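First comes the structure, then the notes that go with it.
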Amino acid sequence: MTEDTKSADIVTLDPWEALRRHTDASIALGRVGASLPTSQVLRFSYAHATARDAVHIPFDKEALRAGLSDLGLMNIPVSSQAESRQTYLSRPDLGRRLKPEDVDRLKALGSEPCDIAIVVADGLSSTAIAANAVPFIADLLPLFASEGLSVGPIAVVENGRVAIGDEIGVALQARLVLMLIGERPGLSSVDSLGAYLTYGPRPGLSDADRNCISNIRDAGLKLPLAAAKAFWLIREALKRRLTGVDLKEEQQAALPES
Amino acid sequence: MAYQITAGGELYRFADLKTLMAKATPPRSGDYLAGVAAASAAENIAAKMCLADVPLKTFLSEALIPYEEDEVTRLIIDGHDAQAFAPVSHMTVGSFREWLLSPAANAVTLAALAPGLTPEMVAATSKLMRNQDLILAARKCRIVTRFRNTIGLEGTMAVRLQPNHPSDDRMGIAASIVDGLLYGCGDAVIGINPASDSVPVLTGLVEMLAEIIARYEIPTQSCVLTHVTTSIAMAEKGVPVDLVFQSIAGTEKTNASFGISLATLREGYEAGLALKRGTVGDNVMYFETGQGSALSADAHHGVDQQTCEARAYAVARAFKPLLVNTVVGFIGPEYLYDGKQIIRAGLEDHFCGKLLGVPMGCDICYTNHAEADQDDMDTLLTLLGAAGVNFIMGIPGADDVMLGYQSTSFHDQLYVREVLGLKRAPEFRDWLNRMQVTDDTGHLLPQTAGQSLLRIAS
């Protein structure tokens, strides 16, 4: 008996494979009795392994800094108070605070007050940062320039959570912080970048004070469209002097797909 | 009041009841993060010993979160049924555990007792129980609810069909609904977590689900899981909302961080009832909960996360829900670190909810930054199946492409039915049989391109 006929005898196929074109969801997997076919068990395990790795792959700060320097952006590496990946995962409070000496280093830059401080943090996926952070910023820079908005030095944060941007924004005297952070990896999306906007950064703010653009990646919200959304929100935030629940995205679903 | 006990020649002191409760809790990362956990393994067990001797009555006079400060405490105390409590009012936490495991505790006595129990009593008791105790006692409870079918009957387990799509694409959602129905899922609810919070988009989804359920005469209910105020607004416009959804928690301040109060929930409940869309019953609410939400909102009052969670069930039961779902592993490793902690929490939540009279289901799940995998979910699924869980989630291939986490799949529910002999809600079982999805024994039939349900996604 050939492999094909053996499999066809045992596996009950689902005659709706054609519906897969509508969704990334794992539909029409087929079954053996109540259970998954072997190939599907292994496919799932591989996707989970990839997502797990994305959480633990070390953050290549130097590669990111080189990319930022190529864009002509001054940048500085800093760390949160979470000393290890394990501490980072179990102590969100430490991931929200800069090391005290890094606060001093940011202040010692003596940079001019700026409209926007961009912060890049590994978050839960350094893969997302490696894939998307520099190209996303490259899409944003000409938009900022068109409005004459100034961008401060870029802080590159290891083991950082979203709220760490508040402390950095204060140190850099920024009107608004744009935090770019690796999102929690899903099985079908290990490279999702999140962008959080906070007007008037200061310690003690909550998520209700921020706007978020999620799922920024090639196979999700494409980078140019995400940059256009972020730019619209930033311009409105600076004009209305706020971010958060009172700032709702009102622009029509933007750019043509190309 | 302070508590103390001598164990192994060592004197252990606990400043008050909430400290004693927190230190008696099986270890979990969220309680360490909050700084309320026991400092050593020995202190953890000494606290359990001390807690075992506390009279159940104490929980009626010593509030963990002050009555004046918290409307959930007021709900618990004001709603307590002293007559229902009378049969166990002389017991300590330790002797109540024994009573629960004895033949005296059965479906009838437990149903009568439920209004007499407070969340703090059942949370305290759960802290003294091993996993097998949590399973055995919960299995005795029978919490039956109805909307268009009957959920929670002995020997049954329902499934929420969760057809999420990252951009709420209607064909994408329809494709997952087809997959789920043809795997025999959807009796608990067909429930979408929308990506959008735009009312026109949400209205479109509610109407789409209502249309599918009506056209194929499916004895089930729909839900689009959006904020209760949005569901109220839709209901007032006559949008065909079946179940009114809300995430809830066990403290007033946490609920405020969700943008709700008990008054908001009351309004949602009344809006759901007013639509009169149920055919066999009027349980119109769907709640979700999860350990760690109070700490995450900085609103835990020094109370351990499992006790805060049990208090959420007191909120739930005030509104006669159809479904209450502890989304146990979604919150992440800061609160439940690994498979062991997630499994324990799932069993505790199910036990506490059932004792309080709440129709508990469980989203048996984990995120990719937790130390857990599908093996841990298999274990918890099997244990909760044995414990008589009312419903679980069904997600294509266990991978939610919208929320980015892993839960239980359409295949997983087939597995647990096979192993434990669990049936579907009776009305839904008969419908599947009529639609030639299953045979008389409830097993799936092979399908062909002629299956009419395939037209849902065409």
*Charge sum, other residues only, whose C-beta stays under 14 Å from B:ALA107's C-beta, Lys/Arg counted +1 and Asp/Glu -1*: +3
*Pop out the ³J(HN,Hα) list for the range B:449-458 in order, Karplus 6.51 cos²θ - 1.76 cosθ + 1.60 with θ = phi - 60°, rounded to Hz; leave Gly and Pro as x.*
5, x, 4, 5, 5, 4, 5, 4, 10, 10
*DSSP loop (so not H, G, I, E, B), at most 15 other Cβ within 10 Å: list which GluC sites (Glu not before Pro) in the range B:161-234 pass both filters.*
B:GLU217
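If you count, for every residue in B:401-413, the Cβ atoms of partner chains within 10 Å of its Cβ, what is the mean?
On the way: counts 8, 5, 2, 12, 3, 6, 0, 0, 5, 5, 12, 3, 1.
The shielding value for this peptide is 5.
Which is the longest stretch in chain B that no exposed loop site breaks, taking sites as trypsin sites (Lys or Arg not before Pro) with a DSSP loop state and at most 13 other Cβ atoms within 10 Å? It would help to have the intermediate numbers written out before the result.
Numbers: sites that count: B:ARG130, B:LYS237, B:LYS276.
Here the longest run is B:277-458.
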*For the range B:307-405, with +1 on Lys and Arg beta carbons and -1 on Asp and Glu, the positive-most of B:ALA314, B:ALA370, B:LEU381 along the dipole*: B:ALA314
*Using protein heavy atoms only (no ligands, DNA or RNA), what is the total accessible area buried between A and B, 1.4 Å probe, nearest 100 Å²?*
3200 Å²
*asked:* Around B:HIS227, under 13 Å between beta carbons, what's the net of Lys plus Arg minus Asp minus Glu among the other residues?
replied: -3
*Gap separating the Cα centres of the range B:404-431 and the range B:104-125, nearest whole Å*: 28 Å
*Inter-label distance, nm, simple model (7 Å from Cα along the C-beta direction), A:ILE57/B:ALA214*: 4.9 nm
_Accessible solvent surface per residue of the range A:60-240, calculated while the other protein chains remain in place, 1.4 angstrom probe, Å²_ = 37 Å²
*Would you mind telling me the antiparallel percentage of the DSSP bridges in the range A:60-240, rounded to 5?*
45 percent
*Just name one of B:THR289, B:GLY404, B:ASN149: the one whose Cα is farthest towards the positive end of the charge dipole of the range B:145-453 (beta-carbon charges, Lys/Arg +1, Asp/Glu -1).*
B:ASN149
*Average beta-carbon neighbours from other chains, 10 Å sphere, peptide B:2-8*: 0
*Does anyone have the angle between helix B:131-140 and the longest principal axis of chain B? Alpha-carbon axes, 0 to 90°, nearest 10?*
60 degrees
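What shape does the range A:60-240 take by its C-alpha gyration tensor, where a ≥ b ≥ c are the square roots of the eigenvalues and a/c under 1.5 counts as rounded, a/b above b/c as prolate, and the rest as oblate?
On the way: a/c = 1.33, a/b = 1.04, b/c = 1.29.
Note, shape of the range A:60-240 comes out rounded.
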*Compute the long axis of helix B:305-317 from its Cα atoms, compare it with the longest principal axis of the Cα atoms of chain B, and write down the angle in degrees, 0 to 90, nearest 10.*
60 degrees
*Compare A:GLY33, A:GLY169, A:GLY148 in a GNM of chain A, Cα atoms joined below 10 Å, and give the one with the largest fluctuation.*
A:GLY33
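What FRET efficiency comes out for B:ALA2 versus B:VAL419 if R0 is 45 angstrom and r is the Cβ-Cβ distance? Round to the nearest 0.05.
0.40
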*For chain A, modelled as a GNM with alpha-carbon contacts under 10 angstrom, which of A:LEU205, A:LEU124, A:LEU64 fluctuates the most?*
A:LEU205
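For B:TRP99 and B:ALA449, calculate 0.36 nm times their separation in residues minus their Cα-Cα distance, and state this gained length in nm to one decimal.
Values: separation 350, 0.36 × 350 = 126.00 nm, distance 5.52 nm.
Between B:TRP99 and B:ALA449, full extension yields 120.5 nm more.
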*In whole Å, what is the distance between the alpha-carbon centres of the range B:326-361 and the range A:146-207?*
32 Å
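Heavy atoms only, probe 1.4 Å: what % of the accessible area of chain B goes to carbon and sulfur, would you let me know?
On the way: 8090 of 15240 Å².
The value for chain B is 53 percent carbon and sulfur by accessible area.
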*Would you mind giving the mean number of other chain beta-carbons within 10 Å of the Cβ of each residue in B:449-457, as a whole number?*
2
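Express the carbon and sulfur contribution to the solvent-accessible surface of the range A:3-55 as a percent, rounded to the nearest whole number, probe 1.4 angstrom. Write down the numbers at each step before the final one.
Values: 1620 of 2920 Å².
C and S fraction of accessible area: 55 percent.
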*Among A:ARG65, A:ARG184, A:ARG241, which one shows the biggest mean-square fluctuation in a GNM of chain A, springs joining Cα atoms closer than 10 Å?*
A:ARG241
*Sort out for me the Cα centre separation of the range A:90-144 from the range B:189-204, rounded to whole Å.*
34 Å
*Out of residues 5 or more away from B:THR92 or on other chains, whose amide H comes under 5 Å of its own, with H placed 1.01 Å from N in the peptide plane?*
B:LEU56
*Net length gained if the chain between A:SER150 and A:ASP246 were fully extended (0.36 nm per residue, minus Cα distance)*: 32.1 nm
*What is the calculated FRET efficiency for B:ARG434 to A:LYS222, with r their C-beta to C-beta distance and R₀ = 60 Å, to the nearest 0.05?*
0.85
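List the GluC sites (Glu not before Pro) within the range A:91-159 that DSSP assigns to loop and that have no more than 14 neighbouring Cβ atoms inside 10 Å. Kindly include the intermediate steps, with their values, before the conclusion.
On the way: sites: A:GLU101, A:GLU147, A:GLU158; in loops: A:GLU147.
When the GluC sites (Glu not before Pro) of the range A:91-159 are filtered for loop state and at most 14 Cβ neighbours within 10 Å, A:GLU147 remain.
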*Pop out the carbon and sulfur fraction of the accessible area of the range A:60-240 as a percent, whole number, probe 1.4 Å.*
50 percent
*Could you tell me how many degrees, from 0 to 90 and to the nearest 10, lie between the Cα long axis of helix B:339-355 and the main elongation axis, the longest principal axis, of the Cα atoms of chain B?*
90 degrees
_Contact order normalised by residue count of chain B, Cα under 8 Å, 6+ apart, percent_ = 19 percent
*So what is the accessible area of chain B per residue, in Å², with the probe set to 1.4 Å?*
33 Å²
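The values are calculated or read from the model by the stated rules, or taken from the named source; none is laboratory data. The structure presented is a predicted model; accordingly, all values stated were derived computationally and were not measured. Here Cβ is always computed from backbone atoms with ideal geometry, including for glycine, and neighbour counts include all displayed protein chains. These area figures cover heavy atoms from the full protein model, side chains too; ligands, DNA and RNA do not enter into them. Shrake-Rupley method; radii C 1.70, N 1.55, O 1.52, S 1.80 Å.
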